Structures are given as C-alpha cells and as structure tokens.
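Below: one structure, written as structure tokens.
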Amino acid sequence: RESRKVAGFVSAAGPGPSALDPQRCGPSAAVVAGVISGDMLVSRGHRETIRLRGIDAPETDQQYGPEAAAELRLLVVGHQLALNGPFERDRWGRLICDCTTVNAWEPESVCCHQLREGFAWVYTEFNRDPAFPPIERAARKARAGLWGLPTRQIEPWRWRRGERVYAVDPPWPEAATH
C-alpha cells in the first residue's frame, strides 16, 4: 500500500496548506461532519477524509460494520478532535492519523476507543502503536463488541479480498495474537 508523509496537506482546492495544516495552525484540529465507516470520518470545512491509523473496522457490508460506524458517529460527529501525527496520505488521498477527543470530560484516542469497545481490529500491517495490541486482546477477553458475537468474524482486510469464510476455523478468540 502506498502512503506518503505530508508536511502541508492538500485541500480540495488543490495543492497547498489546508485548514488542517499543523505548520500553519499549531496543533491540528478538526470538527467532524460525518462518519463513512468505523475507521473513517470526514471533517467540516475542507471536507478532509480521515482514515484512523493502525485500526481496521468491519466494512459497512460486513457483520458489525454498521454498529462500528454508529459507535464512531456517536463519539465524534459534531465534536472537535485533535489530529495526532505522524501525518500521511494513502493511495486514495485520505489523511492517515489518530485522533483524540478534545471536548469530552476525558480526552481519549478514537482508535483506542474503537479497539477497547470491540469495534475494530488492530491493523497489523500498518499499526505502529505498541499500545493497540494489548487493548484488542483485552476487548477479546472481555468479549466486547464484535468479540461477543457467537461466530468468528472475518478480519476486514480478508473481507476486502473476497474471503467470506475461514477454510479452517482458527482458535477463537483469546489465542489470536498480534
């Protein structure tokens, strides 16, 4: 997968700094206009699409996908988020970063929330945060969210490749490692 680090973001109007440019605005912040899926949101203003770094939520057409998106919607829509670098773009032009809620009683990583509540997997191919795997393991052990479903769920990266069933059912769920 392609991604590139960005110093100044590209706005919908073309190259150059956008309202989300941390070099122009200090700490990056965005108000969330909407949610696309359990790991992707859209900011107001420049309508920047933000893909949460290091996690992968079920696809919208996958079991538990609508629930993951609904949870993210409740957490972030209409709220201000701090955008945490490093900032990169993927091959579709989406901004890749973690976000922290800033207008909540206790600021929290949006990625950690989705993992802890069982709405996402650690995206092992792209995760750089060593805190994420233990959070997912704890959610599995507690059977939070999708980990409480009666059947083993297909990881989103396998779902996108067209895999819909396991050839051999892997151990469920505590034995899964990241």
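We did not get these values from a lab; they are worked out from the coordinates using the rules stated. The structure presented is a predicted model; accordingly, all values stated were derived computationally and were not measured. Virtual Cβ from ideal backbone geometry, glycine too; neighbours counted across all protein chains shown.
A few notes on this one:
- Remark: segment 116-127, residue by residue, has Karplus-estimated 3J(HN,Hα) of 4, 8, x, 9, 7, 9, 6, 8, 4, 5, 10, 6 Hz, where x stands for each Gly or Pro and the curve is 6.51 cos²θ - 1.76 cosθ + 1.60 at θ = phi - 60°.
- Summarising the label geometry, the points placed 7 Å from Cα in the beta-carbon direction at V31 and T60 lie 2.4 nm from one another.
- Converting phi to 3J(HN,Hα) with the Karplus coefficients 6.51, -1.76 and 1.60 and the offset θ = phi - 60°, segment 60-72 yields 5, 9, 9, 4, 6, x, x, 5, 5, 5, 5, 5, 4 Hz in sequence order, with x at every glycine or proline.
- In order along segment 152-163, phi translates into HN-Hα couplings of 5, 9, 7, 4, x, 5, 6, 4, 5, 7, x, 6 Hz, rounded to whole numbers, per the Karplus curve 6.51 cos²θ - 1.76 cosθ + 1.60 with θ = phi - 60° and x for Gly and Pro.
- Principal axis box of segment 84-150, alpha-carbon based, largest edge first, Å: 37, 32, 20
- For W121, distant residues with modelled amide H under 5 Å away: D56, A57
- Full extension of the chain between V77 and H46 gives 9.6 nm of extra length, using 0.36 nm per residue less the Cα-Cα distance.
- Separation of the D129 and E106 label points, Cα + 7 Å toward Cβ, nm: 1.6
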